[in-house]
1. Are any of the residues in the stretch B:222-232 under 33 Å from the mean Cα position of the chain (by Cα) and at pLDDT 95 or above?
2. From the list B:A188, B:A184, B:A161, which residue is touching a Ser or Thr at 6+ places or on another chain (Cβ under 8 Å) and at pLDDT 95 or above?
3. Taking the stated definitions as given, is B:A549 open to solvent by less than 10 Å² (accessible area, probe 1.4 Å) and more than 7 Å from chain A (Cβ to nearest Cβ)?
4. Output the residues belonging to the stretch B:128-171 that are over 30 Å from B:T588 (Cβ atoms), hydroxyl-bearing (S, T, Y) and open to solvent by 20 Å² or more (accessible area, probe 1.4 Å).
5. Going through the stretch C:37-93 one residue at a time, which ones are acidic (D, E), in contact with a strand residue (DSSP E or B) (Cβ under 7 Å, 6 or more places away or on another chain) and more than 9 Å from chain A (Cβ to nearest Cβ)?
6. Check B:W684 against each of (1) part of a loop (DSSP other than H, G, I, E, B); (2) free of Cβ contacts under 8 Å to residues at least 60 places away in the same chain; (3) buried (at least 22 other Cβ atoms within 10 Å of the Cβ); (4) assigned by TED's automatic domain parsing to the domain that holds B:R800 and name the one condition it does not meet.
7. Which residue out of A:Q125, A:Q105 is surrounded by fewer than 24 Cβ atoms within 10 Å (Cβ to Cβ), modelled with pLDDT of 95 or more and either facing chain B (nearest Cβ under 9 Å) or closer than 26 Å to A:R193 by Cβ (or both)?
8. Considering B:R627, B:R648, which residue is closer than 25 Å to B:E992 by Cβ and either open to solvent by 20 Å² or more (accessible area, probe 1.4 Å) or part of a loop (DSSP other than H, G, I, E, B) (or both)?
Amino acid sequence: MRRFSLPTLLAEALNAHTGWSRQWRNPTPKPAYDVLIIGGGSHGLGAAYYLAKEHGLRNIAVLEKGWIGGGNSGRNTTIIRSNYLYDESAALYEHAVKLWEGLSQELNYNVMFSQRGVLMLAHNQHDVQSFKRHVYSNRLNGIDNEWLTREQTKEFCPQLNISPDIRYPVLGGALQRRGGTARHDAVVWGYARGADALGVDIIQNCEVTAIHRGPDGAVTGVETTRGPIGAKKIGVSAAGHTSMVMAMAGVRMPLESFPLQALVSEPVKPCFPCVLMSNAVHAYISQSDKGELVIGAGTDQYVSYSQQGGLHITTHTLDAICELFPQFTRMKMLRNWGGIVDVTPDRSPIIGKTPVKGLYVNCGWGTGGFKATPGSAHVFAHTIARDEPHPVNAPFTLDRFRTGRLIDEAAAAAVAH
Amino acid sequence: MAQDFRLPGRGRIDRKKPIAFTFNGRTVGGYEGDTLASALLASGIRLMGRSFKYHRPRGVLTHGADEPNALFQVDRGTGRADPNNRATVVEAVAGLTVSSQNHWPSLEHDIGQVNDLVAPVLTAGFYYKTFMWPRSFWDKFYEPAIRAAAGLGVAPDAPDADRYVHRNTHCDVLVVGAGPAGLAAALAASEAGKRVILADEQAEMGGSLLADLTSTIDGKPASAFVAEALKTLAGRANVTLLSRTTAFGYYNHNHVVLTERVTDHLAAPDPKLPRERLWQVRAKEVVLATGAHERPLGFADNDRPGIMLADSVRTYVNRYAVAPGRRIVFATNGASAYRAAADAKAVGLDVTLVDLRPEAEIGPERALLSGIELLAGHTVVGSTGGKAVTGLIVAPLSGGSVGARRTLACDCVGMSGGWTPAVHLFSQSRGKLTFRTEIDAFVPGTSVQAERSAGACKGTYDLASILAEGWAAGADAAGAPSTRAFAATPATPTGFKAARVLPTDADPKNVRAFLDFQNDVTAKDIGLAVREGFESVEHVKRYTTNSMATDQGKTSNMAALGLVSEILAKDIPQVGTTTFRPPYTPVTFGAIVGTARGETFDPIRTAPVHEWAVKQGAKFENVSLWRRAWYFPKPGEDMHAAVARECRAVRESVGLLDASTLGKIEVVGPDAAEFMNRMYPNGWTKLEPGKCRYGLMLKEDGFIFDDGIVARMAPDRFHVTTSTGGAPRVMAHMEDYLQTEWPDLDVFLTSITEEWGVIAVQGPRAREVIAPFVTGIDLSPQAFPQMTVREGEILGVPTRLMRVSFTGELGFEINVPADFTQAVWEALFGYGQRFGITPYGTEAMHVLRAERGFIIVGQETDGTVTPDDVGLSGMVSKAKKDFVGKRSLARPDMARADRKQLVGLLSADGRTVLEEGAQIVADTRQALPMTMLGHVTSSYLSPTLNHPIALAVVSGGRARMGETLFVTTPAGFTAVKVVAPVFLDPEGKRVEGLVEGGVHA
Amino acid sequence: MLLVPCPYCGPRPEVEFRCGGEAHIARPADPDALDDAAWAEYLFARTSPKGLHAERWLHAHGCGRWFNALRNTVSDAFITTYEMGQPRPDIAGDR
């Protein structure tokens, strides 16, 4: 693997870039692997990378039904933060943020992790209380998060309309300065390149159509559109398609898949300094390095695999954006797309073992999986390699839905009384 | 500037209506009917922009929506400036201030052009390979530099002066595109009597026919056909014609969304007009007649200003009466450019045509070239010039080898690499595309929704066929299939030979053939991407940014796809297709938002006594959908003083609260009590009519969902109240169970929130205040005890009068018809003056109930809290076999001893008012991450006790009474003592109003 | 935006409706008889199929009635609607 660096780039510039080789191979599937990862998104590729790098496994394949990164990895709004309320969530996302902070160097691939700060706006007394609860909780967990007054939010994000007379006035905000964004495609490709260099086979256009189990119930392999492939262990990292894949092993999941929409504006010169979120009005906005405003919208209300939602969902979000930033009404929507997100009842992910021996699942990331990518991949690899969860993902079991020990970030955000 | 390139005596511009605007400070003339692009070209201005990455000088490439280069900042006055407008679609209007973008200090001299010198470094994806060292430099140095260089125009920074509206409409047939196919379709569909909408993005309908001066249709000139068709359509009452209207999104179930630009073409628009109108059309059937986009040719330096699409040359000449140059070289691999060449020649321009195809493959189009030099079997290997093209370098091809170069001097190049059907809307409708090799293009295949395509967007390029196809599509959509033949002459030449990057004798390493002009993606970039393993077209797109620019790849998409397929030696369909997403062209946020701005963005709800409270100078807070009075400051009072005064009034005399925002649901029917039994954890069968009971509602997961007082009005009638925010979801929750789980129960649910206003009269004097006004109810404590309800009249108005208290004091909640609420309120307020009656807001309400230890759902609870957690296990019936949430309460986690339980906290220093949301620990010396026991849910300085009080949920809290714990504050930890979550009157005696004078905790 | 065929009112825009998720997950007659796993299955497990989905819809801003629908989750096309309490129609549709 040719190392990426300024000197190699300059050398290649003189050589018309003919010296670069494939970032990952295009291998023919072997008859069997020690570990198969189903799903070539950033979580799956990352898990393969860490399995090879940290757990010494070499006989690994990632099976992707389309092209790697074609699902939610390449369809999200790239927000990264770890200021979650519950200890379990905070630990998981902070694990990820710590890995994000060195990921470009780790992968020798510039994933453009930009710690421009994530500001969450409080619009009513209930938000204020809830955000202060987050701030205090995060700080005692060793995670940066600070409360900003109304005026301080304006200082941090000068574009903000903090007039007290608007429908959702800004009463303050919670700011995580270490939060930010990263380049989603680069994360996919960086992990793919890194995993490939460690011997992982990345097999695209290979859809799993069945999961085979032996007499003892343990997995033995999969059937795919490119033929059968044996496996000792299988990790499912299939995002919106998890329910379908797990059904192949006879496991019914506490998941539903919904379209989640996002959009970008035309690119403009820098006009927005940070990541800004307003849960009350459902607005999530940042500006990409290319200059596009990147805006996250909501999910449609019905189960769908169409990657296309209704305009009214996007409209609702743009209403909110233009209320907070009236000057943006003349910005233009350039692209509007959808991804299929798998949502759990408590809005927290499931990372762990399943009732089927040798089958592991990493799913349920809902609308927020991108930010967790390196952490999720890292602990999923641990879980598969050791057949037991990493302490960070131990609470995120499938079993919590039986015991009632939910990690309900959505409920904790609660509702205005 | 003089319009030196304006052609005499032709075109669809209105020469009687000259206009002038400024471009980069210079005045430019034109006529009504011009676009910015045609007016600039008429004045000889070729240099119109700088590319995104290399800042290469660029001119206009196209004449329509597909323009990647000529993007302008357009300023129409204060609050009306916006970036990235395509010069080819913005109509030239008097008084516009137009400027080019992405350069410094000027368009002519742009320092950013140094990027072009280091272009070999700035290749596809270069940024993934560098800027990683040292680590901290990315945020601080590299990224800001990249961001400053990126972007195109400048975002508006002033509020928008315009407004936008929406129209929702239905039609039988929506026809998108008013070129020949669309016109024919609309004629056919409307002839069948169907409601038809015909929409076209241009100022004038007619599409390609507007630039066609040679064709005749049924014996008449094309322009006459257009005029007659439009006249016919305009005369039909069942037809709506929408010009300047772009159908940009094709959503589910034939929901097609269009945006109409209402005023942009007007120099002084009527201020009453919206700037844009968004049409949300639900069409029974759709006809897509969206035409096709011409492809550029890939050769070295194919991006110099003056090099444009062949059909654009034709359009500028014929429609806008502009010569894009005087010496024009056409370069093509197909027949359509021959018409352009002939038309250019016809107005006296010097024309040469270079055709990649050998002489033998050239068809009847050859006849169009009378007097024009044809270089058949020639490739283009480059161009000369700087800020404008000065020559096209061509060379003969023979047997696969490139012959001697020859430079054709020119000031304009018209290139044609074939056509790409505009299948965007079809693809958005989720139709499956199919590839047609002979035209080297994807065309609509299988439909998913009720639509059909016709004409060039379906890959049909012959005019007579287009018209016939359009007619048939329109008739079919109208449910009255018919065919009609159109005689169109001369026959449209359609010969074509697919070409990727043109053959060259140059070292490919040194050739920069641009595919995506705006994003500066060259054929070399595509090659590099494929070499690095990016083989799916989506990977190539993302790695190189090809087709990601503001034109979304209308001119570049197929070129990249073709190139990848050539490099990989795979068929194009195997490489993949792009799935097109909305919008077809960029749409302003304003148009999408429409009128949902300011007051009409999520309208606020106000309670019946709102106006009175406004007049009293109340401060308000938003609570879910409502704006509620927060406190009523007197002159000179701050919030703290006002709330303290309000609280004291309630404790000592009497206060008034507008509680109308509480949700109210009437549960009626023979099975009402059984229904209540199943919905709530406590029992309802034994509750006698006339009595009230606290209702704690759980969801099926066992967690607290809502609460409120329930009054049994009659054996078959319950008056249920909910929290302010909970009203709709409680109603939905009940209705769901009633209809879907227990349809056998004979019960009706009615939301009565709006029907009844609620005035809470609270305080020892409450009875005295209401007594003079109440008739038909015995108010004596014996006849009307706490937690009962009576029906009677107040001020002659029917009332459901409840004796309930959320303050701990003697109190009543007066339900009266909403329209009479203010009258009753004012009467009580007037009469109550003798007792010092005091209106109080939500903040005092919160303090008063916290003193008494009452929870607020959503504050003490957060969706993970069980009845036992907040000390309300007594509300959970042990006797009932089942109710919603019961089974979940038996799960193992619900009985954990370390669950967070509701407690009271008293600050040890007697002064510190804790922050709501603050976290609680037992040991402040532990290292991070600390073990947190819980958090403060409510905290106030109690005016009654003159001491800070707080409610909190604390792990195993009920077993910690008397313990000292520590709570976070902005300044560090503060010590608190854990106490019972009741600070005042634990026995609940005050509701009898018996406590006179002082208050004792 | 979907056009939802309310069996009582006719086709209406989706914003008038609330989707209630998977249909035919009846509340157990005797919840206490279920073990924790079976209860969790009732509460949380969902099919989320790629293809035909039997689901519940409420015409919230209309007639206020719940009904069942069969919808294809790939095309989003409604195949049919039917009353609450009726069994899922035996339709094999893969539109």
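The values are calculated or read from the model by the stated rules, or taken from the named source; none is laboratory data. Quick caveat: nothing in here was measured; it's all calculated off a predicted structure. With ideal geometry, Cβ positions are generated from the backbone for all residues, glycine too; neighbour counts draw on all protein chains shown. Heads up: the accessible areas ignore ligands, DNA and RNA and are worked out on the full protein's heavy atoms, side chains in. Shrake-Rupley method; radii C 1.70, N 1.55, O 1.52, S 1.80 Å.
1. Applying the first criterion (under 33 Å from the mean Cα position of the chain (by Cα)) to the stretch B:222-232 yields none.
No: the stretch B:222-232 contains no residue that is under 33 Å from the mean Cα position of the chain (by Cα) and at pLDDT 95 or above.
2. Numbers: B:A184 fails: touching a Ser or Thr at 6+ places or on another chain (Cβ under 8 Å); B:A161 fails: at pLDDT 95 or above.
Being touching a Ser or Thr at 6+ places or on another chain (Cβ under 8 Å) and at pLDDT 95 or above holds for just one of B:A188, B:A184, B:A161, which is B:A188.
3. Details: open to solvent by less than 10 Å² (accessible area, probe 1.4 Å): yes; more than 7 Å from chain A (Cβ to nearest Cβ): yes.
Judged against the criteria, B:A549 is a match.
4. Correct list: B:S136, B:Y142.
5. C:E83
6. So B:W684 meets the others, but not (4).
7. Values: A:Q125 fails: modelled with pLDDT of 95 or more.
When all the criteria are applied, what remains is A:Q105.
8. Details: B:R627 fails: closer than 25 Å to B:E992 by Cβ.
None of the other options fit; the residue is B:R648.
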